[in-house]
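A.B. asks: Got a structure for you, questions after.
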Amino acid sequence: MEKNGEKDFTSFVQEAGLIWGPSPEIYGGVAGFYTYGPLGKLLKNRVENSVRKTFNESGFREIEGPTVLPNEVWKASGHLDTFQDRTIKCKKCGAVFRADKLIEEGRDISADAFSNDQILRFIKDNKIKCPVCKGNFEEKIEKQSLMLSTVVGGKEASLRPETATGTYLPFIRYYNYFRKKLPFGVFQIGKAYRNEISPRQNVLRGREFTQAEGQIFVDPKEKNNWGPYEKIKDEKLPFWSESEQKSGKFAGKVISVKEALEKKLIKSQAYGWCIWLAYTQFKNFGIPADRIRMRQHHADEKAFYADDAWDIELKLNNYGWTEVCGVHDRTDYDLTQHSKASGVKLEAVRDNGEKFIPHVLEIAFGSDRPTYSLIDIFYEKKTEGEGKTILRVPYHMSPIDVSIFPLMRKDELLKAAEEIVLDLEKSFIVDYDFTGSIGKRYLRSAMQGTPYAVTIDYDSLEDKDVTIRDRDSERQVRVKIDSLREILWGLLKGGKKFEELR
Ligand SMILES: [Zn+2]
């Protein structure tokens, strides 16, 4: 599916210092592993800090658990026995592929719920050939575990394939920490690992990736008595229900959370609030509303324990609608499983003394996909003129806050510029650039997505003014060096508009 411009995009991602790989490049690379370059890591930090802010503002608390856990945990969670991909092998060259992905690539369908026979029939009917050698596939589906295993202290263990399970295990600790009051929310941002068969699509599908998952522990009897629901029930979201999916394409329709509950698209106020929060997070990243939709899971693709289950999908330029988040009502499945397997009762007590196992509502996503999505959506290449490339990310998400340019590479200008850099670095991410023409530096700054560029010229030495240039309007304003830090703070963090300057 090489699209026009996809090659440009791929080289941009590498050359701008966003994402490199597969890593390690000098040894030929291993599929599914990537290195975030300096610009990419700054962007990913913005994404993760936005997630922290959203969760913290909603009363969640962050924890950090180990990435390696003994296999008895994964046996209890079900991962050891069922966390597998279905694979199919090329008869001619022997290459192995993930069967459902072969079907999905380039088609707007989900093969998750296809039976093995359905997959084989689809491949035959649609004459899908081996992407490597164009050969035919064997007529059988095999399974491969996605768990990466290791041995620790003589015990079989696995690298976690998700952060969620590790978040459930200290339930009793949280219960005490949160003063024995439900509901409470906990989230975790950290690495997880899946031994994918044939990872492609850059960091959208890596073997090592960063998850950001929030879990709310709730009394099942309180799911429809959810305080924060009142405030958000009239918010309109792009719910795309299972029945609408069957009757055609997504039409961009929005309905309120309340309506979704009345129509029984979702089952509880608490779940409605969770899906609203997840949607809000993608708005907080600055993703345009018309690129976000919420897709209900089909009855047959839902995990057997899941009650409500919806995905958030983003419309990407390179890959079309792409899953970026799952919101699940996991009921009491996890705490029940781990109570049974560990012998420790993971339960709570109601005011009347009744004991019960809490339900878990989960908002599961990561930071790689949102980071990639921001690059994909906001990458802009102008073909006319000098072929200017701009990473038009929303200003609050831009990797670098401000570029500083001495007009020429002359000692007195460099000295004045360096003083400004030292001062601004205390509050901002600053890129100091004195190489090449000023025009080239403006282009580079826009390519990095930096909202503002400050130029120090000979007049600056006399009148103590510098020029600030705005990335999107390309307008320029002279301001006092003394007030530069305050002005940038207002623009970047205080909601001030560039047009208000002067
Ligand atoms: Zn082949």
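A.B. asks: What shape does the stretch 1-112 have by the C-alpha gyration tensor, where a ≥ b ≥ c are the square roots of the eigenvalues, rounded means a/c under 1.5, and otherwise prolate means a/b greater than b/c and oblate the rest?
C.D. replies: Verdict is oblate for the stretch 1-112.
A.B. asks: Restricted to Cα positions, what overall size does the chain have along the principal axes? Three whole-Å values, descending.
C.D. replies: In descending order, the Cα extents are 76, 66, 54 Å.
A.B. asks: With a 4.7 Å Cβ cut-off, tell me which Cys residues in the chain come up empty for a partner.
C.D. replies: CYS274, CYS325
A.B. asks: Would you mind working out the magnitude of the charge dipole of the stretch 351-491 relative to its Cα centre, with +1 at each Lys and Arg C-beta and -1 at each Asp and Glu C-beta, to the nearest 20 Debye?
C.D. replies: 440 debye
A.B. asks: Ordered by packing density, taken as the mean number of other Cβ atoms within 10 Å over each peptide's residues, highest first, how do 408-419, 235-246 rank?
C.D. replies: In decreasing order of mean packing, 408-419, 235-246 become 235-246, 408-419.
A.B. asks: Can you tell me which aspartates and glutamates have their Cα less than 16 Å from the Cα of LYS134? Leave out same-chain residues fewer than eight positions away.
C.D. replies: Candidates past the 8-residue exclusion: GLU105, ASP125.
A.B. asks: Follow-up question, since we're still on this one. Charges on Cβ only, +1 for Lys and Arg, -1 for Asp and Glu, centred on the Cα centroid of the chain; of ALA446, SER403, GLY28, which one is farthest towards the dipole's positive end?
C.D. replies: My answer, from the dipole projection, is GLY28.
A.B. asks: What does the highest-first list of 307-315, 474-482 look like by mean Cβ count within 10 Å?
C.D. replies: So the peptides 307-315, 474-482, ranked by packing, come out 307-315, 474-482.
A.B. asks: If I take every Cα pair under 8 Å that is 6 or more residues apart in the chain, average their sequence separation and divide by the length, what percent do I get for the relative contact order?
C.D. replies: Numbers: 891 pairs, mean separation 60.8, N = 502.
Reported relative contact order: 12 percent.
A.B. asks: Taking θ = phi - 60°, what integer Hz values does the Karplus form 6.51 cos²θ - 1.76 cosθ + 1.60 yield along the stretch 198-205, in sequence order, with x for Gly and Pro?
C.D. replies: Whole-Hz 3J(HN,Hα) from phi for the stretch 198-205: 9, x, 9, 6, 6, 6, 5, 9.
A.B. asks: With the cut-off at 24 Å, tell me which of the pairs LYS426/LYS493; LYS53/LYS493; LYS415/LYS480; LYS44/LYS101; LYS233/LYS267; LYS223/LYS264 have Cα atoms farther apart than that.
C.D. replies: Checking Cα-Cα distances, LYS44/LYS101 exceed 24 Å.
A.B. asks: Could you sort out which of LYS89/LYS315; LYS180/LYS355; LYS140/LYS191; LYS127/LYS315 sit more than 22 Å apart by Cα distance in this structure?
C.D. replies: In this structure, LYS89/LYS315; LYS140/LYS191; LYS127/LYS315 lie more than 22 Å apart at Cα.
A.B. asks: Provide the three semi-axes, in whole Å and in decreasing order, of the ellipsoid equivalent to the stretch 137-239 as defined by the square roots of 5 times the Cα gyration tensor eigenvalues.
C.D. replies: Square roots of five times the eigenvalues give 34, 23, 13 Å.
A.B. asks: Identify all lysines with a Cα-Cα distance to LYS440 below 18 Å; exclude those on the same chain that are fewer than 8 residues away in sequence.
C.D. replies: Candidates past the 8-residue exclusion: LYS381, LYS382, LYS388, LYS410.
A.B. asks: A follow-up question, please. What percentages, rounded to whole numbers, describe P(r) for the stretch 84-145 computed over all alpha carbon pairs with 10 Å bin width beginning at zero?
C.D. replies: So the P(r) values, bin by bin, are 24, 61, 15.
A.B. asks: Here's something else I'd like to know. Place a +1 charge on the Cβ of each Lys and Arg in the stretch 84-145 and a -1 charge on the Cβ of each Asp and Glu, then give the dipole magnitude about the Cα centre in debye, rounded to the nearest 20.
C.D. replies: 380 debye
A.B. asks: Just need the Rg to Rh number for the stretch 400-500, please, alpha carbons only, Kirkwood Rh.
C.D. replies: Result: Rg/Rh = 0.92.
A.B. asks: With only Lys, Arg, Asp and Glu charged, each at its Cβ (+1 for the first two, -1 for the last two), find how big the charge dipole of the chain is about the Cα centre; round to the nearest 20 debye.
C.D. replies: 880 debye
A.B. asks: If each DSSP helix of 4+ residues adds -39,500 (n - 2.57) and the sum is divided by the residues in the chain, what number results at 222 nm, nearest 500 deg cm²/dmol?
C.D. replies: Calculated from helices alone, the mean residue ellipticity at 222 nm is -9000 deg cm²/dmol.
A.B. asks: Just order 156-167, 106-117 by mean Cβ neighbour count inside 10 Å, highest at the front, would you?
C.D. replies: Working: 156-167: 21.4, 106-117: 13.0.
Top to bottom by mean Cβ count within 10 Å: 156-167, 106-117.
A.B. asks: Of all DSSP beta bridges in the chain, what percent run antiparallel (nearest 5)?
C.D. replies: Among the beta bridges of the chain, antiparallel pairing accounts for roughly 85 percent.
A.B. asks: If you don't mind, there's one more thing I want to ask. Once phi is turned into ³J(HN,Hα) by the Karplus curve 6.51 cos²θ - 1.76 cosθ + 1.60 with θ = phi - 60°, what whole-Hz value does each residue of the stretch 479-484 show in order, with x for glycine and proline?
C.D. replies: Going residue by residue, I get 9, 6, 4, 4, 9, 4 Hz, with x marking Gly and Pro.
No value in this document is a laboratory result; all are computed from the given coordinates. Source: prediction; values computed, not measured. We place every Cβ from the backbone using ideal geometry, glycine too, and count neighbours over all the protein chains shown.
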